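These notes are about the structure you will find just below.
No lab work stands behind these numbers, since they all come straight from the coordinates. Only a predicted model underlies this, so the values are computations on that prediction, with no experimental measurement involved. Don't worry about glycine lacking a Cβ; one is built from the backbone with ideal geometry, like all the others, and counts go over all protein chains shown.
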């Protein structure tokens with residue numbers, strides 16, 4: 001498994017990161033542990049979590065994922081893993097995280113409370129990468145960055161990052177950190193896949209010039225690139241089946257964004273190219289993601305152990321120039337299939 005640096009930090013991680021947001025909802029504990037065992041055996045040393053996991057988030061389950069992963073890691077060498085987690089974003093934005101009485105904010109009090117909770121659940125005294133799950137552009141950037149800088153000075157956090165951030169938000173935060181002499185963001189975790197290439201429009205240049213690493217999540221476009229939605233229906237038990245039946249209006253809108261006529265047509269053509277070059281579509285999607293020069297580690301997820309095999313085949317895989325050219329042609333013919 002190739003190792004890559006996170007931004008300009010001292011941390012190097014496996015090129016594939018094990019995401020955990022299904023652990024505790026779509027994935028039972030014993031199966032979650034089997035997935036983690038498989039990931040470790042394949043050379044994955046990078047785990048991504050969040051205080052609000054599993055998804056869809058709710059107050060009854062929030063924190064369970066960290067507890068399970070903490071239990072699993074506690075029987076192993078803690079220093080062998082790079083553990084990333086996140087503080088939930090502000091309550092007044094696009095989503096109200098089910099933590100801290102529905103009044104979450106990314107200020108000193110709330111971030112410190114969130115970190116202490118994550119440390120306790122993960123059974124560790126430090127977090128390798130601590131990220132802000134989504135931003136609050138209406139508040140002073142320094143109100144967030146100051147406490148994150150304190151965590152680094154205290155030894156509770158090694159590296160900091162942002163998530164679901166815009167070009168404006170990333171550059172504003174980097175500028176504010178440098179002006180104040182604070183630790184800067186070394187990573188950004190955003191949605192990026194063959195069906196959602198918007199990161200390449202502006203944020204990719206920000207990352208390359210500022211040496212900030214992208215940790216792309218949803219490289220399979222939430223499972224769409226596997227082909228399981230190609231018939232135009234939502235399979236029972238899938239993520240979007242849960243979103244449409246159980247989640248709120250935002251999750252329902254998200255399902256329609258990921259699964260639509262254009263995204264399905266893009267997926268069908270992607271799968272044809274993958275088959276032509278001898279790849280399972282899941283392997284091709286993960287390999288395509290991690291092949292970009294602004295990507296450090298691609299975050300993958302699974303709800304069952306059997307899903308891991310095609311994901312792990314992407315380790316060390318390099319798609320040919322000819323294949324990449326054909327895939328780019330699809331993106332030109334069907335630009336922004338997710339809208």
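Details
- Simple spin-label estimate for residue 306 and residue 253 gives 3.6 nm between the two label positions (7 Å along the Cα-to-Cβ direction from each Cα).
- Segment residue 178..residue 231, full-extension length gain: 14.1 nm, with 0.36 nm per residue of separation and the alpha-carbon distance subtracted.
- Cα gyration tensor shape of region 1-150, rounded if a/c is under 1.5, else prolate or oblate by comparing a/b with b/c: oblate
- Across region 93-189, the mean sequence separation of Cα contacts (distance under 8 Å, 6 or more residues apart), normalised by length, yields a relative contact order of 27 percent.
- Taking 0.36 nm per residue of separation and subtracting the Cα-Cα distance, full extension of the segment from residue 3 to residue 31 would add 7.4 nm.
- Using the Cβ-Cβ distance between residue 143 and residue 277 with R0 set to 56 Å, the FRET efficiency from 1/(1 + (r/R0)^6) comes to roughly 0.70.
- GNM flexibility winner over the chain from 181, 19, 138 (Cα, springs under 10 Å): 138
- DSSP bridge pairs, the chain: antiparallel proportion in percent, nearest 5: 15
- The relative contact order of the chain, computed from alpha carbon pairs under 8 Å that lie at least 6 residues apart in sequence, is 19 percent.
- Gap separating the Cα centres of region 77-130 and region 156-197, nearest whole Å: 16
- With 0.36 nm allotted per residue and the present C-alpha distance subtracted, the residue 59-residue 320 stretch has 89.4 nm of extension available.
- When only Cα pairs below 8 angstrom with a gap of at least 6 residues are kept, region 38-86 shows a relative contact order of 48 percent.
- Candidates 308, 21, 323, ranked by Gaussian network fluctuation over the chain, Cα under 10 Å, top entry: 323
- Cα-based shape type of the chain, given that a ≥ b ≥ c are square roots of the gyration tensor eigenvalues and the cut on a/c is 1.5: rounded
- Here the Gaussian network model covers the chain, with springs between Cα atoms less than 10 Å apart; of 169, 161, 278, 278 fluctuates the most.
- Per-residue Cβ neighbour rank within 10 angstrom, fewest leading, 134, 94, 288, 175: 94, 175, 134, 288
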